[in-house]
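These notes are about the structure you will find just below.
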Amino acid sequence: MATTARSLHLPTPPKPAIPSHHRLPVPFHFRPRPQRLGRRLAASSSDLTSFPDPAPTPNGVYVPWAAAHPAAAAAIDVDAATEAELRENGFRSTRRTKLVCTIGPATCGAAELEALAVVGMNVARVNMCHGDREWHRGVIRAVRRLNDEKGFAVAVMMDTEGCEIHMGDLGGAPSAKAEDGQVWTFSVRSSDTSLPDRIIHVNYDGFAEDVKTGDELFVDGGMARFEVIEKLGPDVKCRCTDPGLVLPRANLTIWRDGSVVRERNAMLPTISSKDWIDIDFGIAEGVDFIAVSFVKSAEVIKHLKSYITARSRGSDIGVIAKIESIDALKNLEEIIRASDGVMVARGDLGAQIPLEQVPSVQQKVVRTCRQLNKPVIVASQLLESMIEYPTPTRAEVADVSEAVRQRADALMLSGESAMGRYPEKALSVLRSVSLRIEKWWREEKRHEALELEDVSSSFSDKISEEICNSAAKMANNLGVDAVFVYTKDGHMASLLSRCRPDCPIFAFTSSTSVRRRLNLQWGLIPFRLSDSDDMESNLNRTFSLLKARGMVQSGDLVIALSDMLQSIQVMNVP
Ligand SMILES: Nc1ncnc2c1ncn2[C@@H]1O[C@H](COP(=O)(O)OP(=O)(O)OP(=O)(O)O)[C@@H](O)[C@H]1O
Ligand SMILES: CC(=O)C(=O)O
Ligand SMILES: [K+]
Ligand SMILES: [Mg+2]
């Protein structure tokens, strides 16, 4: 029975990283095979033969299977990259840690996006600090097209600009060098025209009033530093005390006597008027997540969530709270409770608290999120050197490994994928490090057992939670191959993910948006399945559909849960 089945699923070694010069086309073994992947299967395996593969159109774009066969209701969808991984490596070796890529000039083309999806991008992030409306729209639609045409299930995350203090855009220059001792002027005078060298526009009107002579000005958390030497009306003259590279729209923090000055800018709204316009745009474009920058309190998250509900009935956009300010740390637990997920935004966080405190804050946020059952993303500078170089530093690999060991739900690339020279390579480093560390910790049974506290508020939720806790324990003790969870809104899948079981979790939902949102959660392999109320028939259909696609085999041992029935079953795949 299961033993023989499992031996067929021996994990193969991690795939080699994609050579950097192979930007496109993607090496053959990473390419989803269009004739088998990215399509929907008919309701029973016998139907499979009656629908021919879609023919490529002259421009090489495959007609989506569902579009070619509208009469046959869609039966099951899974992300093409995951399917390839399942098929090649078997159940147990699928990657549990999810990967988020910031999209920028280096990756906004259809081919580049597809290459990232093939390597394992689960979520594409667009940062509203950069690029214009048309560019953002283009990226969001390109991701949707990729999903529709090539069978991926990449979710889209929109990240708000927020009310941080930042500089203007350097008059179109890609960067500027601040040299030791140079005097630069930071001015709140509005500037539509480009300013002379060393005169920098600052977006916050209260800037000149808030700073004092002798204050320190940190650019991007310390990439360059200045000391305020003179205030002249709207202009603040500063001397460079620590030379470095200044990037357009870089973030600015004011320091006085060893800590960040928060004067009136602490009163700025977390969501600016520009952010609200961006949020309306995100809702209209149907993004899956909105990440809110510089969250200070739970109220803003609650406010945004009710705004989204009022504006978009039926759609469920997840609101992600970015932890990147001192205020967020003060109200951490409340903020996490109010949100649908959290990002440890180490870039700005490291500019607001001493750098040596960032690792412990990361660990605390990751743990609290798991306790409160919210997905958590660890972001910024994971592989910073890969913006320029094709291999990471050993220290970067150790940092990524630590985030995986902490069992964060997801890791995020920023500049590495937005404007770096090796986006796919950086992503495959995250992928192979995740796979390796996850396997190591499973094999050595080294993960710290985390005593999970109760999270459910209603009795019904409590039943689901108990079922999931027991199922995860049983899965580990019995050595099952996978847990199957049939879930309407994804909640039961997330409760299972929270337990971080040894085996992967196949989550079946009938909702496309729930499926995309589950993409951010540890260990979940989301499937879209048009299921019925009858568990027996759901299971039989799932088994035959997955067997037909080579994703499970007879004899595999499975635990199946349903949120509707609140049931738990253990069985071998027939
Ligand atoms: N849409 C874009 N267009 C141009 N450059 C971009 C774009 N998105 C990101 N980048 C570049 O990649 C870098 C890293 O991206 P990232 O999203 O982390 O931005 P950031 O400016 O550090 O702000 P944040 O704190 O919001 O993450 C940016 O500083 C910018 O140079
Ligand atoms: C991601 C982000 O916003 C930061 O690290 O600051
Ligand atoms: K942002
Ligand atoms: Mg930030």
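The values are calculated or read from the model by the stated rules, or taken from the named source; none is laboratory data. Small disclaimer: the values here were computed from a predicted structure and weren't measured. FYI the Cβ positions are ideal-geometry reconstructions off the backbone, even for glycines, and counts take in every protein chain you see.
Summary of values
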quantity	calculated
Odd one out for THR241 among (1) touching a strand residue (DSSP E or B) at 6+ places or on another chain (Cβ under 6 Å); (2) surrounded by fewer than 16 Cβ atoms within 10 Å (Cβ to Cβ); (3) closer than 30 Å to ARG337 by Cα	(3)
Subset of segment 90-108 that is part of a loop (DSSP other than H, G, I, E, B) and away from ligand 1 (no atom under 13 Å from the Cβ) - its residue that is modelled with the lowest pLDDT	GLY90
The lone exception for ARG145 - which of (1) under 30 Å from the mean Cα position of the chain (by Cα); (2) of a type outside the set (Val, Ile, Thr); (3) within 27 Å of LYS322 (Cα to Cα); (4) more than 16 Å from ligand 3 (Cβ to nearest atom) it fails	(3)
Residue in segment 372-381 that is away from ligand 1 (no atom under 16 Å from the Cβ), in a helix (DSSP H, G or I), of a type in the set (A, V, I, L, M) and crowded, with 16+ Cβ neighbours inside 10 Å present	no
Filter pass, GLU216 being surrounded by fewer than 15 Cβ atoms within 10 Å (Cβ to Cβ) and either of a type in the set (Asp, Glu) or assigned by TED's automatic domain parsing to the domain that holds ALA328 (or both)	no
Any chance ARG189 is surrounded by 15 or more Cβ atoms within 10 Å (Cβ to Cβ) and among the basic types (Lys, Arg)	no
Count - residues of segment 239-297 that are within 15 Å of ligand 2 (Cβ to nearest atom), farther than 25 Å from GLY131 by Cα and touching a residue at least 60 places away in the same chain (Cβ under 8 Å)	1
Residue match in segment 264-282 (condition: farther than 19 Å from HIS166 by Cβ, away from ligand 1 (no atom under 16 Å from the Cβ), over 17 Å from the mean Cα position of the chain (by Cα) and among the basic types (Lys, Arg))	no
Residue in segment 245-260 that is away from ligand 3 (no atom under 16 Å from the Cβ), crowded, with 18+ Cβ neighbours inside 10 Å and within 17 Å of LEU170 (Cα to Cα) present	yes
Helices (runs of 4 or more DSSP H) contained entirely in segment 410-482, each with at least 1 residues that are touching a Lys or Arg at 6+ places or on another chain (Cβ under 6 Å)	423-444
Any hit, segment 443-459, residues being under 25 Å from ALA345 (Cβ atoms), of a type outside the set (Gly, Ala, Ser), surrounded by 22 or more Cβ atoms within 10 Å (Cβ to Cβ) and touching a residue at least 12 places away in the same chain (Cβ under 8 Å)	no
Segment 325-343, subset in contact (Cβ under 8 Å) with a residue 40 or more places away in the chain and of a type in the set (A, V, I, L, M), residue nearest to ligand 2 (Cβ to nearest atom)	MET343
Identity of the residue in segment 141-162, more than 12 Å from ligand 1 (Cβ to nearest atom) and among the hydrophobic types (A, V, I, L, M, F, W, C), that ends up surrounded by the most Cβ atoms within 10 Å (Cβ to Cβ)	VAL143
Criterion violated by ALA266 - all others in (1) within 16 Å of ligand 3 (Cβ to nearest atom); (2) at pLDDT below 95 satisfied	(1)
Residues that are over 18 Å from VAL126 (Cα atoms), part of a loop (DSSP other than H, G, I, E, B) and touching a helix residue (DSSP H, G or I) at 6+ places or on another chain (Cβ under 9 Å), drawn from segment 245-277	LEU247, VAL261, ARG262, GLU263, PRO269, THR270
Some residue of segment 276-291 being within 16 Å of ligand 3 (Cβ to nearest atom) and at pLDDT below 90	no
Among (1) within 13 Å of ligand 4 (Cβ to nearest atom); (2) under 20 Å from the mean Cα position of the chain (by Cα); (3) of a type outside the set (A, V, I, L, M) - the single one GLN352 does not satisfy	(2)
Qualifying residue in segment 298-321 (condition: in contact with a Lys or Arg (Cβ under 6 Å, 6 or more places away or on another chain) and within 28 Å of GLU451 (Cα to Cα))	yes
Selection from segment 121-166 of residues that are away from ligand 4 (no atom under 16 Å from the Cβ), modelled with pLDDT under 95 and of a type in the set (A, V, I, L, M)	ALA153
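This table checks each residue for (1) of a type in the set (D, E, K, R); (2) surrounded by fewer than 24 Cβ atoms within 10 Å (Cβ to Cβ); (3) touching a Gly at 6+ places or on another chain (Cβ under 7 Å).
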{"position": "VAL78", "(1), (2), (3)": "no, no, no"}
{"position": "GLU88", "(1), (2), (3)": "yes, yes, no"}
{"position": "THR94", "(1), (2), (3)": "no, yes, no"}
{"position": "THR102", "(1), (2), (3)": "no, no, no"}
{"position": "PRO105", "(1), (2), (3)": "no, yes, no"}
{"position": "GLY109", "(1), (2), (3)": "no, yes, no"}
{"position": "GLU112", "(1), (2), (3)": "yes, yes, no"}
{"position": "ALA117", "(1), (2), (3)": "no, no, no"}
